[in-house]
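Read through the structure below, which is laid out as structure tokens, and then see the notes.
Bear in mind these aren't lab numbers, they're just calculated from the coordinates by the rules spelled out. The structure presented is a predicted model; accordingly, all values stated were derived computationally and were not measured. Cβ atoms come from the backbone with ideal geometry, glycine included; neighbour counts cover every protein chain shown.
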Amino acid sequence: MCGSRTALTSWLVLLVQLLCLEAVPISMDKTKIQDTEPKAEETPASVDTGLHYDRYLREVIDFLEKDQHFREKLHNTDMEDIKQGKLAKELDFVSHHVRTKLDELKRQEVSRLRTLIKAKQDLEGGNDIAVDHQALLKQFEYLNHMNPHTFEVEDLDRLIRSATNDLENFDKERHEEFKKYEMMKEHDRQEHLKTLDEEERRKEEEHYDEMKKKHADHPKVNHPGSQNQLKEVWEEADGLDPEDFDPKTFFKLHDSNGDGYFDEQELEALFTKELEKIYDPTNEEDDMVEMEEERLRMREHVMNEVDSNKDRLVSLDEFLVATKKKEFLEPDSWETLEQNQAYTDEEMREFEEHLVQQEEDLNQKAVDLQKQREELEKQQEQLNAQKVELQQAVEHMERLKTLKVDPPPEVHIEGNAIPEVHGNDNVLPPGHQAIPQEHHSPPQDHLDPLQAHPDGPAQNQVQHGLPQTPHHLPPGHQEVQQGHPNSP
């Protein structure tokens, strides 16, 4: 990652630095070099600067490098002019093809940012909230969000300024991440101790102290960038006599890409021997994350002492000047990480409080999610019940269609009309007899004398449509004949 950031910084300083020319080893006799057939240039491997807009940055750089006018301007542009935006103004003179491609890259990047904003909103549960993309895009300072369609001078100026500033702060952010790593490691250790009984806790503490002592028991570490440290590299890595140490030769030997500068990656490679004195990946007591932090500290220290123009590169002149300083010839001892705790007690206390608050927030979120789950399950049960009822209703209707059952006719009653009774509707309650509609006369030999008389009461009753009087009367009752008074 450091090499990737170095490549970008070199581009910002001078385009020719990015050409990555191969240096000829100084021990090689150039007169004996045979001409070889030219080989096709290999495409450099994709690098990652660690910036969240790394891909966009690299694609813009790649296309700007294809423009001859822009390349020529870079030859005479120093770092300060780049930072002040003078280089960005040259964008107006690049070819139409390059400008068109840059427009397309910007539109793709804006689209990517909008997708990221929407995805973040979805994760935070704000699906129903309208997204103000213009407001949210303001946080991405490396492009002009007010013009999402074309790549202009302002976009290049913003990109250069943002990349320069972000890379300068990159080391600071790495230090903060390492500090959190160390505090979390100590927090986990303390939490583990709480789970042990007294005897186990004592043994664990003794083992921890023993590992710390073993890690601190290492050979002396030379001051990074000092004469002693570089001589050790000269002797052990280069296989040369330390009495023949020459700073200029040393520089050319370790300027691996031959561009005349030590970049961050090349500088960090010089500290490998020193780091191997302290860290061994096979040792339980050695933490490789701490080794990378130590490497970063060494590189930053050398840069602060040697990089006089603060361009994050060490030129040959800057290197030779530094070799004449007292700090190079008579350096102070170098304090390693185990001698400098990464955090203070106050920072550890704040970190613990932050973890407690995080845990409470997560627990509350878990409770809220459980409530939401229960509510959703309840709603699902209601929907399932409604679905069953609907299905039953549909099945009932299908059965009715299959049986072809007609619904009963509706009866309409007008005024005081009595509805006509059909069939068995004239069934009377028990103990009641139906009155026959037709009355047939019994045989005459069984007729009552009065009824047999042609002018008798029975004939009169039939003629007038009156019911005939029953022949048998209850005891104590006498038949009263209408129109015939009793005889004295």
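Observations on the model:
- What the Kirkwood sum gives for the stretch 296-412 is a hydrodynamic radius of 23.7 Å, with every pair of different alpha carbons counted.
- Overall form of the stretch 236-290 per C-alpha gyration tensor (a/c, 1.5; a/b vs b/c): oblate
- Hull volume in cubic angstrom per residue (convex hull over the Cα atoms of the stretch 350-402): 38 Å³
- Stretchable slack from Lys273 to Glu177, in nm (0.36 nm times residue separation minus alpha-carbon distance): 32.0 nm
- Each principal axis of the Cα cloud of the stretch 176-254 was evaluated for its coordinate range; sorted largest first, these ranges are 61, 27, 16 Å.
- Length added when fully stretched, Asp122-His396, from 0.36 nm per residue minus Cα-Cα: 94.2 nm
- Cβ-Cβ distance of Lys194 and Glu353, R₀ of 25 Å, FRET efficiency by 1/(1 + (r/R0)^6): the value works out to about 0.90.
- Förster-model FRET efficiency, 22 Å R0, Glu235 and Lys310, C-beta, rounded to 0.05: 0.10
- Cα gyration tensor category, rounded, prolate or oblate, for the stretch 277-327 with a/c compared to 1.5: prolate
- Inter-site label distance for Met211 and Thr115 at 7 Å from Cα along Cβ, in nm: 4.3 nm
- The stretch 219-256: trypsin sites (Lys or Arg not before Pro) falling in loop per DSSP and having at most 16 other Cβ within 10 Å: Lys220
- Computed 3J(HN,Hα) for the stretch 243-255, one whole-Hz value per residue from the Karplus formula 6.51 cos²θ - 1.76 cosθ + 1.60 where θ = phi - 60°, is 5, 9, 4, 9, x, 5, 5, 4, 4, 5, 5, 9, 7, glycine and proline marked x.
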